[in-house]
Every structure is written in structure tokens, then in C-alpha cells.
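> Quick one: structure below, then a few questions.
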Amino acid sequence: MFRNTFQLWTVHTAKPTTRTRQASTSTDPACTGNDPNDIVSTIECVQDKMISSKVIELVSNNIASTYITCPPLSSRGASSLGIKLPYLTFLVKNMDQYVSFEVQVVDDQQQTRRFRCSNYQLETRVKPGITTMPLRLESGWNQMVFDLADLVKRAYATTYVETARVTVHANCRLRRIYFADRLCGEDDLPPEFKLFLPVDKNN
């Protein structure tokens with residue numbers, strides 16, 4: 001998708017796939033809807049009062065089946081973002097509910113590796129195809145940065161090549177997802193990549 005484009009900053013603008021469906025009975029935190037009549041699953045654009053900005057809100061009591069993903073899912077076969085920049089940043093709001101983020105990458109062995117972090121995972125587990133990690137978010141808005149090259153090296157002792165897919169599951173609010181070639185300070189970021197939090201005048 002972006003493999004043959006110049007990559008300094010990248011914000012994927014392709015329309016992501018959004019997916020919601022009824023849940024089946026399960027005790028897994030990722031699938032907690034036991035009564036189909038009680039299931040609430042929504043993905044919509046809302047105005048966040050804290051940062052005075054429109055954001056994407058994902059809400060569900062079945063996070064496994066309520067998500068956005070890019071590139072769009074297609075019956076014509078697998079597609080890839082093809083983004084080589086190693087630093088992935090999410091501007092995300094903690095809604096004090098279960099939430100999960102997943103990134104698929106390709107390494108120098110041409111293997112697809114998945115990294116999934118969630119706030120219901122208690123410890124890190126590394127398997128050949130997927131690494132699951134615990135996630136802790138502060139109250140309110142967070143800037144969450146992943147060093148994908150470091151994750152691939154630590155988990156699989158291989159070299160990061162590119163990101164193939166990014167998926168965000170309920171429950172959270174998203175302001176922005178972007179890639180960069182390095183860790184950047186606030187002064188280096190374009191305005192649309194910044195998280196403008198209200199100033200407490202009492203402090």
C-alpha cells in the first residue's frame with residue numbers, strides 16, 4: 001500500500017475496515033457478551049470534550065468482534081501497509097474498559113509476526129507467530145509509542161522490515177495513529193500529530 005512511497009511521516013489515509021458482530025457466550029475478556037440482547041457494539045466519530053476534537057470511538061462488550069483495521073480486509077487476498085518506519089504511535093483515550101491493539105509486521109526471515117497488547121493480559125508470552133503483552137494506560141488521553149524494531153529483535157532475534165497491518169479493538173477513543181523514522185519531541189511534530197490537552201490554570 002505504501003511500500004513504494006517516500007516515508008518520513010506516514011498517516012494511513014485509506015479507509016479502514018470496521019467490523020462489529022454479535023458475540024457468542026464466552027468467559028474470555030475478549031468475548032464477554034453472554035446475552036445477545038445486552039450486546040452493545042458501536043464504532044463512530046464523536047466530539048471529545050477534553051481535547052475539543054473529533055475522534056473515533058469504539059465501544060463494545062465483545063472486543064474480539066468490534067475493531068477497525070488497515071489495510072481494509074479483502075476477499076481478493078492479503079494486502080500489506082508496507083510501512084517501513086519503525087516507530088508506531090497511538091493517541092488513545094483510556095475508557096476504563098477492556099481494550100486491545102494488534103500490529104502485524106514482517107521480519108527479514110519473511111515471517112509475519114503479530115504483537116498484541118491488551119489490558120486484560122497479565123504477562124508477556126512469546127510464540128512463533130504472536131507475542132502478547134500486558135498494557136497499562138493512564139487515566140484519560142495517552143500517547144502510546146511502539147518501537148517495532150526493538151520488539152521484533154527482543155522477541156524473535158530477527159530484523160524488522162515493515163508493518164503489514166494495524167488493528168484496534170474496542171474499547172477506546174482514537175485521535176491519531178502515525179509512523180515515524182525516530183522518536184520525536186513535541187517540537188518536531190506537525191500540529192495534527194500532537195495531543196492538545198487542556199491546561200490546568202491552578203497548576
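> Return a yes/no flag: does segment 77-90 have any residue that is more than 15 Å from N142 (Cα to Cα), not in a loop (DSSP other than H, G, I, E, B) and not small (G, A, S). Show your work before the answer.
Step one: list which residues in segment 77-90 are more than 15 Å from N142 (Cα to Cα), which gives 77-87.
Those left that are additionally not in a loop (DSSP other than H, G, I, E, B): 83, 87.
When the remaining residues are screened for being not small (G, A, S), the result is 83, 87.
Yes, because at least one residue in segment 77-90 is more than 15 Å from N142 (Cα to Cα), not in a loop (DSSP other than H, G, I, E, B) and not small (G, A, S).
> A follow-up question, please. Going by the structure shown, is L189 over 30 Å from Q110 (Cα atoms) and modelled with pLDDT under 95?
Considered against the rule, which asks whether it is over 30 Å from Q110 (Cα atoms) and modelled with pLDDT under 95, L189 comes out as yes.
> Right, here's the next one. Checking T132 against (1) farther than 17 Å from Y87 by Cα; (2) outside any loop (DSSP other than H, G, I, E, B); (3) touching a residue at least 24 places away in the same chain (Cβ under 8 Å), which single condition isn't satisfied?
(3)
> Tell me, yes or no, whether segment 16-23 has at least one residue that is touching a Gly at 6+ places or on another chain (Cβ under 8 Å), at pLDDT below 50 and not hydrophobic (A, V, I, L, M, F, W, C).
Yes, some residue in segment 16-23 is touching a Gly at 6+ places or on another chain (Cβ under 8 Å), at pLDDT below 50 and not hydrophobic (A, V, I, L, M, F, W, C).
> From L137, L122, L151, grab the single residue that is touching a strand residue (DSSP E or B) at 6+ places or on another chain (Cβ under 7 Å), closer than 22 Å to L85 by Cβ and of a type outside the set (G, A, S).
After applying the criteria, what remains is L151.
> Same structure again: Got a sec? Which of Y98, Y178, Y120 is outside any strand (DSSP E or B) and closer than 20 Å to T69 by Cα?
Exactly one residue qualifies, and that residue is Y98.
> If we scan segment 135-151, do we find a residue that is among the polar types (S, T, N, Q), farther than 18 Å from I68 by Cα and not in a loop (DSSP other than H, G, I, E, B)?
yes
> Find the residue count for segment 34-64, including only residues that are assigned to a loop (DSSP other than H, G, I, E, B) and either touching a strand residue (DSSP E or B) at 6+ places or on another chain (Cβ under 8 Å) or at pLDDT 85 or above (or both).
Selection size over segment 34-64: 8.
> Can you confirm whether segment 64-77 contains a residue that is touching a helix residue (DSSP H, G or I) at 6+ places or on another chain (Cβ under 8 Å) and on the phi < 0 side of the Ramachandran plot?
No, segment 64-77 contains no residue that is touching a helix residue (DSSP H, G or I) at 6+ places or on another chain (Cβ under 8 Å) and on the phi < 0 side of the Ramachandran plot.
Rundown of residues vs (1) crowded, with 16+ Cβ neighbours inside 10 Å; (2) more than 22 Å from R175 (Cα to Cα), yes/no style:
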position: Y87; (1), (2): yes, no
position: F90; (1), (2): yes, no
position: D96; (1), (2): no, no
position: V103; (1), (2): yes, no
position: R113; (1), (2): yes, yes
position: E123; (1), (2): no, yes
position: I130; (1), (2): no, yes
position: F146; (1), (2): yes, no
position: D150; (1), (2): no, yes
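The values are calculated or read from the model by the stated rules, or taken from the named source; none is laboratory data. Please read these numbers as outputs of a predicted model, since none were measured by experiment. Because the Cβ atoms are built from the backbone with ideal geometry, glycine has one as well, and the counts that use them run over all protein chains shown.
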